[in-house]
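Quick notes on the structure that follows.
The values are calculated or read from the model by the stated rules, or taken from the named source; none is laboratory data. Owing to the predicted nature of the structure, the values given are computational and were not obtained by experimental measurement. Backbone-built Cβ (ideal geometry, glycine too); neighbour counts: all protein chains shown. When the accessible area is computed, the model is the full protein with side chains, heavy atoms only, and any ligands, DNA or RNA have been set aside. Shrake-Rupley method; radii C 1.70, N 1.55, O 1.52, S 1.80 Å.
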Amino acid sequence: MRKTVAAALTAAAILGANGTSFAAANPFSDVPAGHWAYNSVAKLAAAGVVEGYGDGTYRGDRNITRYEMAQMIAKAMAKNPQGISKAELDRLIAEFRDELEALGIRVDNLEKYADKVVWQGKIEYTYHQRKTDPYNLGEKAKSSSNGYVFRLEPVAEINDHWTARARLDGEGDMSSDETTSVTLKRAWAQGDYDKFSVKLGKFEFNPAGEAGLIWDTEISGAEVSFGSKWKFTATGGRIKADTVQAGYNGLTAGDFASELLGIDTDPSTVVGLRVNYGEPAEKGLFGGAAWYHIKDDDLAWSRRAYLDQYDLGEFYDDYGYFDSSEAKSAMKRYNKADIWTVNLGYKFNEKLKLSGGYARNTKADFEKDSWQAELRYGDYGNPVTRTGDWRDNNLKVAKGQWAVWTGYRKFGSNATLAGTMYDDVLQGTRGWFVGASWAPFDNIGVIAKYFNGKYISDGIDGGNGKARKLFGRVEFFF
């Protein structure tokens, strides 16, 4: 059987791309920079896996023998690559076993390079400082925290299309020198096909494009996506108790529920349908729209009818005692939310991106809108390809990368139910934010953010008090 060089390149690149790095210049005159195989050819040439011909050509349309194919595989494996796919390696060894052994290469020596589990993670140290005055009383409540997280994110191969994934976090408070045990935050199986993917288990719920406007949490359930440039996604499942927090004036349903009814122990039921165009990380236009239906007793605090019953004393008996059973019964009548969201953005080049989004809870009576707009410039976190080190495969940020950004956010308490509310903007507030990040070394980053705004209040008594937030983090990737 004969193979083309293009087919051999594809097979060898599977083994060699992780073990070699990108060449600064392609040595072959007949593989122009715009060719689909340019990067792969350059990588393999830099590693010595392919050599070409004396006239400086690669001749990618030439047929090669199985022995030449086996030689390419052997050369690639000699580079001691890391994190090789076991399924891909098994298929290549099975196909070229005879030729490899004829070359004196023991198959079991190749198999040792296959990693069934790839470990990655980070250590992050975070500082928060909040100054809040929800009711504009002139008495700013100041609070701060100083903690760290040790995170592991293993990925284990199941077969050609499925992987098992997880996230484990161990947390600590540096001010009190207290630590927690390692907690399993996420665990799910993921199947990835050409234009179809599925997740089953407990996984991240932070849809691309929405940028934490509605969700930045975990969900236990299932998610199915179909498409490439246009992608359609359906998500369904439950979110842990106390994650969905409707409310107003900086106070959440949990504040009331814990005082009057006991802490909410019922998880939220969530169903979502989304359509997205493009990718926020890629150059060009991107955007999307979504609808989410949520059921949670805490959502009753987003309805004036429920609050009016409380204000009018309908939850109290004839002796003035609070009747929690009556209050809980009323919750069931107002425990749903329907949130619609749209987002749009444009990435002009590798560094400049403008994005924004809007969300509205059609069931809520106040603080029912959220929106945000952000302008970002920089390359912090962009994919990095360098030469000289196999560990480039695990490079999350590279030395010298940086970014700055600014924007405006309004996080209505009854629209942003579980969004990104811990880095800068607080739930129930609106205002400006700025941020900057920088990588002084490979895989080490420094981030700073500042938010200055006011509470929304939306017609509820009190309100429009100031809210400020200072955020700092140092993160170490591995």
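Taking θ = phi - 60°, what integer Hz values does the Karplus form 6.51 cos²θ - 1.76 cosθ + 1.60 yield along the range 205-214, in sequence order, with x for Gly and Pro?
10, 8, x, 4, x, 6, 6, x, 5, 10
Can you tally the net charge around H293? Count Lys and Arg as +1, Asp and Glu as -1, for every other residue whose Cβ sits under 14 Å from the Cβ of H293.
+4
If each residue of separation counts as 0.36 nm, what is the full-extension length gain between L168 and L354 once their alpha-carbon separation is subtracted? Show your work: numbers first, answer last.
Working: separation 186, 0.36 × 186 = 66.96 nm, distance 3.30 nm.
Stretched out fully, the L168 to L354 stretch lengthens by 63.7 nm.
Can you tell me how much longer the chain between A289 and F196 gets when fully stretched, taken as 0.36 nm per residue apart minus their C-alpha distance, in nm with one decimal? If you can, show how the numbers build up before the last one.
Values: separation 93, 0.36 × 93 = 33.48 nm, distance 1.92 nm.
Gain on extension, A289 to F196, equals 31.6 nm.
Once amide H atoms are placed 1.01 Å from N in the peptide plane, what residues at a sequence separation of 5 or more from K185, or on another chain, have their amide H within under 5 Å of its amide H?
Residues meeting the criterion, in which the H sits 1.01 Å from N, are R167, L168, D169.
Would you mind pulling out the separation of the Cα centroids of the range 296-333 and the range 118-171, in Å?
35 Å
Quick one: which of K199/K410; K295/K368; K351/K469; K410/K466 span more than 20 angstrom between C-alpha atoms? Walk me through the numbers before you get to the answer.
On the way: K199/K410 31 Å; K295/K368 16 Å; K351/K469 26 Å; K410/K466 13 Å.
As for pairs spanning more than 20 Å Cα to Cα, those are K199/K410; K351/K469.
So how far apart, in nm, are the two label points at T362 and Y277 if each is 7 Å from Cα heading toward Cβ?
For the pair T362/Y277, the computed spacing is 2.2 nm.
Once neighbouring chains are kept in place and the probe is 1.4 Å, which whole percent of the accessible area of the range 409-478 is contributed by carbon and sulfur?
Numbers: 1590 of 2590 Å².
Taking all protein chains in place, the range 409-478 shows 61 percent carbon and sulfur surface.
Could you check the spin-label model distance between D323 and N146? Points 7 Å from the Cα along Cα→Cβ, value in nm.
5.1 nm
Report the calculated FRET efficiency for E139 and N452 (r = Cβ-Cβ distance, R0 = 25 Å), to the nearest 0.05.
Approximately 0.90, to the nearest 0.05.
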